[in-house]
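This report concerns only the one structure given below.
Read-outs throughout are calculated quantities, based only on the coordinates presented, and are distinct from any laboratory measurement. From a predicted model like this one, the values you see are computed outputs, not experimental measurements. Using ideal geometry, Cβ is built from the backbone for each residue, glycine included, and neighbour counts are taken over all protein chains shown.
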Amino acid sequence: MTFHIITLFPETIEPYLKSSIVGKAEQKGLVKVKYYNLLDFSSNKHKKVDDRPYGGGPGMVLQIEPIIKALNSALKNKSKLKVKVILFSPAGKQFTSKMAQSLASRYKHIVLIAGRYEGVDARLKKIIEDRLFAKGGKIDELSIGPYVLTGGELPAMLLVDTISRQIKGVLGKEESLEERRLGVGVPAYTRPEVFAYRGKKYRVPRVLTSGNHAEIQKWREKSKKGKS
Ligand code: SAM
């Protein structure tokens, strides 16, 4: 899987991804992350990639041309059937784990377009759809949650992380086993069995130290749903 991140600030993303599980996956050759700095695709001598909004308003809007150029560079010689292009927007469809699974299994290239300021010129979506999906396909406009961030860099990191987790071999054996077997939301404990703090003892649930695997499994299922 190759992630292509189109952004004004690649330097904010790269150190995090390099030092996370994604970095290890890159070393193993399971994942690749490529960066496209919008400034490199500006045809303006001052490397300008934004301009004032039509209709007025205080913020700036990212222009179409540098983004399209970056996209063309990312998609050169790629089969569009294997490519997904994602635009970030706080008003987009809520990104979920299920989407991460589906993206990981269906595509070889995921292009993430990180907006800034007042976002990207609204014509971009239609232009990309016309360029990529002549037969009427859709570009995904995704939100990572009901709040407004300053830019699409955090959403890009979040998607690369969650999608990479779904790729075989990316997670260590133990992590992937836990995730597949138990799902999410199961409480975890480690040593010491009893933690004493300010005169009070905090004990690990006894069932977890019982050695009874069937009971442990039952307890985990129950606590996952918040029933114990
Ligand atoms: N005026 C824009 C709007 O109402 O859609 C908000 C732009 S926001 C300040 C700048 C960029 O941050 C967006 O273009 C998008 O790339 C990203 N962004 C902000 N909040 C986001 C969210 N909740 N999910 C995904 N991307 C987000």
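Membrane-span-like helices in the chain (whole DSSP H runs, Cα extent of at least 15 Å along the helix axis, mean Kyte-Doolittle hydropathy of at least 0.0): 64-75, 153-165.
Charged side chains reduced to their Cβ positions (Lys and Arg at +1, Asp and Glu at -1) give segment 1-97 a dipole of some 440 debye around its Cα centre. In this Cβ point-charge picture (+1 for Lys and Arg, -1 for Asp and Glu), the chain has a dipole of about 940 debye about its Cα centre.
The spacing between segment 115-129 and segment 10-40, judged by their C-alpha centroids, is 24 Å. If R0 is 35 Å, the Cβ-Cβ spacing of residue 32 and residue 147 corresponds to a FRET efficiency of close to 0.70.
Would you be so kind as to identify which of 12, 162, 183 lies farthest towards the positive end of the dipole of the chain, taking Lys and Arg as +1 and Asp and Glu as -1 on Cβ and the Cα centre as origin? Checked the options; the winner is 183.
With contacts defined as alpha carbon pairs under 8 Å and 6 or more residues apart, what's the relative contact order of the chain in percent? Averaging sequence separation for qualifying contacts and normalising by length gives 22 percent for the chain. Comparing 15, 155, 187, which has the greatest mean-square fluctuation in the GNM of the chain with Cα pairs linked when under 10 Å apart? Taking springs between Cα atoms under 10 Å, the residue moving most is 187. Here the residues 193, 129, ranked from fewest to most Cβ neighbours within 10 Å of their Cβ, fall in the order 193, 129. For segment 70-228, evaluate the Debye formula with one uniform point scatterer on each Cα (no solvent term) and list log10 I(q)/I(0) at q = 0.08, 0.11, 0.17, 0.21 Å⁻¹, rounded to two decimals. Summing over Cα pairs of segment 70-228 leads to -0.39, -0.64, -1.04, -1.37.
When the Cα positions of 148, 64, 23 are compared along the charge dipole of the chain, 23 comes out farthest toward the positive end, with charges on each C-beta of Lys, Arg, Asp and Glu.
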